[in-house]
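Report on the following structure.
The values are calculated or read from the model by the stated rules, or taken from the named source; none is laboratory data. All values derive from a computational prediction rather than experimental measurement. Virtual Cβ from ideal backbone geometry, glycine too; neighbours counted across all protein chains shown. These accessible areas exclude ligands, DNA and RNA; they are computed on the full protein's heavy atoms, side chains included. Shrake-Rupley method; radii C 1.70, N 1.55, O 1.52, S 1.80 Å.
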Amino acid sequence: MTAPSSTLAAERELADPAADALVRELGVPPRPQVLVDLQREMAHEDPDFTRIARIVATDVALTAAVLRVANSPAYGLARRAETLGQALSMLGLKQIGVMVAGLVLRKALRTDGPQLTRFWDVSAKRSWALSALARGLRGVDVDVAQTYGLFCDVGIPLLMQRYPNYGATLQRCNAEPLLSFTEVEQAEHHTDHALIGALMARSWGVSQTVCLAIRLHHDYAVFREMKLPETVARLIAMGLIAERAIQTYAGMNTSTEWAKGGDAALGALMLADHDVEDWIERLVEGYAAGAA
């Protein structure tokens, strides 16, 4: 499969039966049962909080991790959650759903090494930044923005596992000033992390909107398309701001991706340059304070 040239092409690509064979070939981990059960209960018109707590509690390690994350600075609870029920009541169902998805995602991939350590750090920072941007800019539900932040680059560790030389490809992608990130990947591996990430997200029950945003998040020409859903455009644009903030916090003065898609992101969010700079400053301050 090649990189999509339009929103319609990406939608067809994600619906292509051949995509399922690619998922199997690349060893994309199946959706854990705890997430299947949780999503099924959350889909009910009136979800049962007691049942949801029981579903999460079937995994002792997951329960401990949920409480640890819930009590971290990222969520800023007014008082400490001592039980799963307290965490549910204080954070709400959607936040718990995103939190569980992030925790089981990390467990399912089972990756380590310096590059992957940085991947998980960036993933956490992106998800937090997207939640802050969604609250401040509106137009996208916070849980949708966080889910996009978590799954956006999940194809990267999968391709690292598949291709021993993928680390070198990543370096070329990050340095390439003209070609898109996914074009560089496609030239080397005949696939790309945006496609693999979108397919994994789809197989894990993530919404079509988020899957489409993941698939298109390096194809900035789609910002000019009338068919691009507004929520998808805002997710991709907010993701670019989050990336700039993460790189600024890391001491990097330039962003290749912002140079390629920054102007389009400003238009999608109807922001001026100074608005973005204000957001970058706020997000960097949050990182410095330990929010993510």
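Going through region 1-51 one residue at a time, which ones are assigned to a loop (DSSP other than H, G, I, E, B) and touching a Lys or Arg at 6+ places or on another chain (Cβ under 6 Å)?
Matches in region 1-51: 26 only.
Inspect region 247-266 for any residue being of a type outside the set (Asp, Glu), open to solvent by less than 30 Å² (accessible area, probe 1.4 Å) and more than 25 Å from residue 184 (Cβ to Cβ) and give the result as yes or no.
no
Of the residues 251, 261, only one is part of a loop (DSSP other than H, G, I, E, B), farther than 28 Å from residue 31 by Cβ and not hydrophobic (A, V, I, L, M, F, W, C); which?
251
Considering each of 87, 101, 81, 65 in turn, give the residue that is open to solvent by less than 30 Å² (accessible area, probe 1.4 Å) and in contact (Cβ under 8 Å) with a residue 60 or more places away in the chain.
Of the residues listed, the single one that is open to solvent by less than 30 Å² (accessible area, probe 1.4 Å) and in contact (Cβ under 8 Å) with a residue 60 or more places away in the chain is 101.
Looking at region 208-244, which of its residues are in a helix (DSSP H, G or I), out of contact with any Phe, Trp or Tyr (no Cβ under 7 Å at 6 or more places or on another chain), farther than 18 Å from residue 125 by Cβ and aliphatic (A, V, I, L, M)?
Within region 208-244, 212, 216, 221, 222, 232 meet the criteria.
Look at residue 23 and say whether it is open to solvent by less than 70 Å² (accessible area, probe 1.4 Å) and at pLDDT below 85.
Yes, satisfied.
What are the residues in region 125-177 that are open to solvent by 50 Å² or more (accessible area, probe 1.4 Å), outside any loop (DSSP other than H, G, I, E, B) and touching a residue at least 40 places away in the same chain (Cβ under 8 Å), if any?
161, 162, 174, 175
In region 101-160, how many residues are at positive phi and in contact with an Asp or Glu (Cβ under 8 Å, 6 or more places away or on another chain)?
Qualifying residue count for the region: 1.
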